[in-house]
Amino acid sequence: MPSLVTQHLLSLLRIDLPIIQAPMAGVSSPAMAAAVSEAGGLGSIGVGGVNVDGARAMIRDVRARSSRSLNVNVFVHAPAPADAAVASAWIDRFRPQFEAIRGAPPARLTEIYTSFRDDDAMLSMLLAEKPEVVSFHFGLPDPSRIRALRDAGIVLLASATSLAEARLAAAAGVDAIVAQGYEAGGHRGIFDPDAPDDRIGMAILVRILARTLRVPVIAAGGIMDGAGIGAALQLGAAAAILGTAFIGADESLADQGFRDALFSDAAQHTVMTRIISGRPARCLANRFTALAAGIAATDVPSYPIAYDLGKALNAAAKAAGEPGYGAQWAGQGAPLARALPAADLVRLLADEMRYR
Ligand SMILES: Cc1cc2nc3c(=O)[nH]c(=O)nc-3n(C[C@H](O)[C@H](O)[C@H](O)COP(=O)(O)O)c2cc1C
């Protein structure tokens, strides 16, 4: 029998299982989200890396496959302070890597993603398309945007990596908090990447938030199977959100190099680094993360300016047959990943946790 907090969250999200497939910009797909939602979980798409037209097309693609609940995830990062000197030193630093693969670094770096903080077109599109759920990563939009989404009947989630961030999200009117532990794959949702970070693990963070806040808590970080979900629920989470567990799914957009690394010994080692994108993010240890040693945080251009170079380096390397410069985001649970169709994985997770 699910706990009261789980029952409350399931009815709020209009889903059957306390299993949420994490939004993973560039890796999750409309087909994945639809398959997860059809199987009774909550499917998510990450639109942080696409413009409003791309985001609308993704939502409609999910809608064509499923009429069940959908979570659309946006990035709410503070705008990047552009520093031409830092950017040009960054380009120079990576010249040897580009030369080794006979590629050319970009001449200049730009802010490749628009933050939802400032994206009126994205807000209007969401209000028109009305996904059942919208989730925020890296921060919170201003109160008027939150009010507009809530008034449209959209349930709101926000990532928090500390009690302080969770309190801000709850006070802003977010319906449930995603407690993202330090073991989680992908970008750390920390609001200010330059502020001190207590690097709290999922189990402790869930416990602290569940005992302190009145809003439901969703556990994120290192949850790979039914035992992990069950443990998170025991700690007081209302549901679990799994990212790395879905990277190997058939519907995942992860490229072959990423899949090969995930299902090799490389999965035993993950690194939290900001050198790929400009914000701390957990990645499989690879040729790119190996370059992080000795680089000061102040030398890295702000997110997402650094990501402009990171993506160019990966594209040039892939073209040269070198997969080791990918943003192979994955959590510490990576060795437990399984390659299955997303719906089968959801059913397996439910069986493993003996969810009735
Ligand atoms: C490949 C990948 C991409 C991710 N992209 C996003 C994203 O676009 N938006 C977001 O809010 N979180 C993103 N995350 C973080 C997840 O939302 C979640 O916090 C994390 O996957 C949980 O930890 P786990 O990977 O150990 O399950 C990503 C995670 C991974 C592994």
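Touching a Gly at 6+ places or on another chain (Cβ under 7 Å) and either under 13 Å from LEU126 (Cα atoms) or assigned to a helix (DSSP H, G or I) (or both): is that true of ALA57 in this structure?
Working: touching a Gly at 6+ places or on another chain (Cβ under 7 Å): no; either under 13 Å from LEU126 (Cα atoms) or assigned to a helix (DSSP H, G or I) (or both): yes.
No; evaluated as a whole, the condition is false for this residue.
Name the residues in segment 173-199 that are within 10 Å of the ligand (Cβ to nearest atom) and part of a strand (DSSP E or B), would you? VAL178, ALA179, GLN180, GLY186, HIS187, listed by residue number.
Which one is surrounded by the fewest Cβ atoms within 10 Å (Cβ to Cβ) among residues in segment 286-296 that are more than 21 Å from the chain's Cα centre (by Cα) and at pLDDT 95 or above? Top of the filtered list is ALA296.
Scanning segment 256-279 for residues that are in a loop (DSSP other than H, G, I, E, B) and out of contact with any helix residue (DSSP H, G or I) (no Cβ under 9 Å at 6 or more places or on another chain) yields a total of 2. Could you check segment 200-235 and list, in sequence order, the residues that are without any contact (Cβ under 8 Å) to a residue 40 or more places away in the chain and assigned to a loop (DSSP other than H, G, I, E, B)? Passing the criteria: ILE200, GLY201, LEU235.
Give the number of residues within segment 283-338 that are outside any helix (DSSP H, G or I), within 14 Å of the ligand (Cβ to nearest atom) and of a type in the set (Ser, Thr, Tyr). Quick ask: steps written out before the conclusion?
Narrowing segment 283-338 to residues outside any helix (DSSP H, G or I): 283-288, 293-296, 300-304, 320-322, 326-333, 337-338.
Still in the list and also within 14 Å of the ligand (Cβ to nearest atom): 283-284, 286, 303-304, 326-333, 337-338.
Filter once more, keeping what is of a type in the set (Ser, Thr, Tyr): 303.
Result for segment 283-338: 1.
When restricted to residues that are among the β-branched types (Val, Ile, Thr), part of a loop (DSSP other than H, G, I, E, B) and within 15 Å of the ligand (Cβ to nearest atom), segment 1-36 contains 1. Starting from segment 239-262, take each residue that is more than 16 Å from SER29 (Cβ to Cβ) and more than 8 Å from the ligand (Cβ to nearest atom) and list its partners that are among the aliphatic types (A, V, I, L, M) and assigned to a loop (DSSP other than H, G, I, E, B), counting only C-beta distances under 8 angstrom and pairs at least six apart or across chains. From residues that are more than 16 Å from SER29 (Cβ to Cβ) and more than 8 Å from the ligand (Cβ to nearest atom), the pairs are ALA240/ILE223; LEU262/ILE247; LEU262/ALA254; LEU262/ALA330; LEU262/ALA337. When the criteria are applied in full, GLN21 fails the requirement of being without any contact (Cβ under 8 Å) to a residue 12 or more places away in the chain and either surrounded by fewer than 21 Cβ atoms within 10 Å (Cβ to Cβ) or within 16 Å of the chain's Cα centre (by Cα) (or both).
The values are calculated or read from the model by the stated rules, or taken from the named source; none is laboratory data. Just so it is clear, the structure is predicted and the values come from calculations on it, not from any experiment. Cβ atoms come from the backbone with ideal geometry, glycine included; neighbour counts cover every protein chain shown.
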